[in-house]
Structure formats: structure tokens, C-alpha cells
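What follows is a set of notes on a single structure, which appears directly below.
The values are calculated or read from the model by the stated rules, or taken from the named source; none is laboratory data. Please read these numbers as outputs of a predicted model, since none were measured by experiment. Please note: Cβ atoms are built from the backbone with ideal geometry, for glycine as well, and neighbour counts cover all protein chains shown. Just the protein is used for accessible areas: all its heavy atoms, side chains included, with ligands, DNA and RNA removed. Shrake-Rupley method; radii C 1.70, N 1.55, O 1.52, S 1.80 Å.
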Amino acid sequence: LVHWHSDVVGKGLLGLLLRPLEWLMLRRADRVACTSDFYAEGSAVLRPFLYKVAAISNGVRDITARDGKTPQLPPQMAREVAGRRIVLAVGRLVPYKGFAVLIEAARWLPPEVAVVIVGSGPLQSELSAQIEQLALQAKVLLAGQLGEPALEALFRHAALFCLPSIERSEAFGMAMVEAMAYGLPVVATRIPGSGVPWVNQHQVSGLNVPVGDPHELARACMEILQSQELHRQLAAGARRR
């Protein structure tokens, strides 16, 4: 059994050396498990082996309130987002996550909306510089790596979740699934060959927009935020999904 997550075995010489081994493993496997049929069908590597691919979706634990109480945001963060609706994004600060697109999209969000990006990674300085260059310090918060209580509080206080990823390296979107467990509507991207737009069913659990388009990302966020009925409908759909 081979559990297949990504086509990318390496780049350059190392990748060329590993390709034959990759093909041999897939050829000899009795079954190949993949996170979604969409990802398998979009994979040039897996396509010859679709007859033995089984889709086994990732999942998260069910979410229940602790002692019936909603956890509180850390005091400093609570002050920074006070009175505003939160668009939440969570993930490593790496290129394929598309956080630069989300920061650009924040230019078209009104002052009563705050974008909170949780995570750490090599793009921390670059994204901070982008926020400063666009004068979005009051609108976009890079929250860094948070502990579970603070992250849970954000999931419970957020108005919606955004997954702005731009590459097929985002095969499924686990943080998105966790947000859906909290009943958050999702704005995600239609990454070709990825399971992301399959996980987030358009007009069921959220809205899917073109990859790398900050205008459409902002428009979709506002479409959900401005309609109580659409927000309620997608929140319920996200929870069911």
C-alpha cells in the first residue's frame, strides 16, 4: 500500500534520480491511497495507476465547546480586532499558501473587517514588508504561531475562513476542514488538479474563486459577510460537509 500525497519527489538531479523509484513503487503497489479522486485524476504520475487508486479523505476531530464556554482571544489580539469581523487564514508562511494574494485582497476589504493570518515560516519578513508597503497594518495581522487555546478562540470568533493557496502543493487543505468543523464558511481557490475545490463545495460550504486573483478573493469574502442569509446557509453547509 502506498499512501500518495504529492507528485513532487524532488527537483533537479535528485528528482531525476528518484523518478524511477517513484514509478516502481506505484507499479508494484496493490493499492494506492490518495486524499481525493480530484487530486489523483489531476496527477500525471498517478493517472496510469487510477485503476488501483482509492480515495480516502482526511478528517479532523469533531468540535465541541469546552464546558459550554467560548474561549477568549489573547488580550492584545482582542484589542487589535475589537468590533471587527475576522477573516481567518491558517498555515505555514510559504509561497504556495498564497498569503501575499490575501494581503493584496485586504486593500478592497472595508475597515470593519480584519484579516488574521496564523502561522510562521520563511516568508514572515516578506509578508510583513508587504503589509507595511500597502499601509495595511491596521487591517492585516500576522499572528505568528499560536497555541491551541488561542487558535480555537480565533476559529470561534472568526466570521469566515480563507484558503488563498495558489499551487497544487495544497492537495487538500486540512486547516480549511478544521474551520468547516467549527461551522465557518470558506473562501478558497479553484486550484487545477487539487482536492481543495472539491473539499470546499461551491455555494454549499463556501465560495471558490480563481487562483491568484485578489479582487475575486475580496469580492467573495464580502459577498458572504454582507449577506446574513448566505452566511447562515454556507456555515450550515460547511458543518455538514
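Some observations on this one:
- Helix axis angle, 12-28 relative to the chain longest principal axis, alpha carbon, degrees: 70
- Solvent-free Debye calculation, one equal scatterer per alpha-carbon of the stretch 41-135: log10 I(q)/I(0) at 0.16, 0.18, 0.23 Å⁻¹ equals -0.90, -1.00, -1.24.
- In Å, descending, principal axis extents of the Cα set of the chain: 57, 39, 32
- Packing-based order for 156-163, 135-142, 206-213, using average beta carbon neighbours within 10 Å, highest first: 156-163, 206-213, 135-142
- Values of log10 I(q)/I(0) for the stretch 94-184 across q = 0.21, 0.23 Å⁻¹ run -1.20, -1.40, by the Debye formula with one identical scatterer at each alpha carbon and no solvent.
- Carbon plus sulfur fraction of accessible area for the chain, probe 1.4 Å, in percent: 55
- Separation of the R240 and A55 label points, Cα + 7 Å toward Cβ, nm: 1.8
- In a fully extended conformation the segment linking Q72 and E223 would gain 51.6 nm over its present Cα-Cα distance, using 0.36 nm per residue.
- Inter-site label distance for L24 and R47 at 7 Å from Cα along Cβ, in nm: 2.5
- Area accessible to solvent at Y39, 1.4 Å probe radius, in Å²: 0
- Inter-site label distance for A33 and A138 at 7 Å from Cα along Cβ, in nm: 5.1
- Semi-axis lengths, Å, the stretch 29-87, gyration tensor of Cα atoms, sqrt of 5 times eigenvalues: 44, 16, 8
- Per-residue surface analysis assigns M25 an accessible area of about 90 Å², computed on protein heavy atoms at 1.4 Å probe radius.
- The angle separating the long axis of helix 124-133 from the principal Cα axis of greatest extent in the chain is about 40 degrees.
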